[in-house]
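None of the figures in this text is laboratory data; all of them are computed from the coordinates on show. Keep in mind that what you see is a predicted model, and the values were worked out from it rather than measured. No Cβ is skipped: glycine too gets one built from the backbone with ideal geometry, and neighbour counts run over all protein chains shown.
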Amino acid sequence: LLDIASTFGKLKDRRMQLKYIKKATDIDPNDFSVKLSMRSYNSENIKREKVESRYDVYRRKIVVLLSSGEKLVENDDYKKSIVKFTVAIERCNIYKTTFSDLLDKALYLRGFAKISIGEFNSGMRDIHLYMGKDKLNVSIESTKILSTGIELYHQEKFGESINHLSVATQFEEIEGEAYLFRAKSYLKINKMNEAYTDLQEAYKLGWLGALELMKNNELLLPPRLE
């Protein structure tokens, strides 16, 4: 029974390990090996709880950093938010596997904040690191980014709209719509060359509304799609 308990201990199945130690205790509670196994189990359990407690404290500190950074973003204080997100990333990297979810969030938020102050290339590097991981929530996040960009366009906040839509163009499933609305934002602030480039991209991706915008703004029409 103690051998079975030891096997479960190596597999880190604490519940089954304890179950077989208790069975051995029921048979002979005074056996030295049984007492030693129970003492070892309790000692390991205490160590594990201490480690888990340390992780919990560390995790809460990172969550506080991210929350502080998000509040700064809401107040358009992007530079200070970048500092918060950078510290969070550094702390996540100490226990990268344990805090991978927080690391992903910090990378995305820092990338967005950098793009918002014009550091596009650096920001996109963070976004690409975020997107480079296998995540089920990428489509949810991309839709959220696109929706925010379109909403800002309708609120006539064209600069902010362009920032969000620039990120959205990096997601294959929504890039056509992102190019189309970014072109509309560029048109509103008279950046005709940028608008034309985006309209061409949107048209290539099958968004025929781009063609109408080109006509309305007297832009050179692209070759007809096959």
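Worth a mention:
- Our estimate of slack between Arg39 and Tyr55, defined as 0.36 nm per intervening residue step minus the Cα-Cα distance, is 3.3 nm.
- Cβ-to-Cβ counts within 10 Å put Asp104, Asp56 in ascending order as Asp56, Asp104, the fewest first.
- Using a cut-off of 29 Å between Cα atoms, the listed pairs Lys84/Lys157; Lys79/Lys157; Lys114/Lys184; Lys10/Lys105; Lys80/Lys144; Lys10/Lys96 include Lys10/Lys105 as exceeding that distance.
- In Hz, Karplus ³J(HN,Hα) per residue of the stretch 110-118 (6.51, -1.76, 1.60; θ = phi - 60°; x = Gly, Pro): 5, x, 5, 5, 5, 4, 5, 10, x
- Residue exposure sequence - Lys157, Lys84 - by fewest surrounding Cβ within 10 Å: Lys157, Lys84
- Treating r as the C-beta distance of Val83 and Lys191 and R0 as 35 Å, the FRET efficiency rounds to 0.70.
- 3J(HN,Hα) from dihedral phi, the stretch 91-96, Karplus parametrisation 6.51/-1.76/1.60, rounded to Hz, x for glycine, proline: 6, 4, 5, 5, 10, 4
- Residue order, fewest to most surrounding Cβ atoms within 10 angstrom, among Leu199, Leu129: Leu129, Leu199
- Derived scalar couplings between HN and Hα for the stretch 99-105 equal 10, 4, 5, 6, 5, 4, 5 Hz in order, rounded to whole Hz, by the Karplus curve 6.51 cos²θ - 1.76 cosθ + 1.60 (θ = phi - 60°), x for Gly and Pro.
- Ignoring aspartates and glutamates fewer than eight residues from Lys204 along the same chain, the ones with Cα atoms less than 15 angstrom from its Cα are Glu172, Glu173, Glu175, Glu177, Glu212, Glu226.
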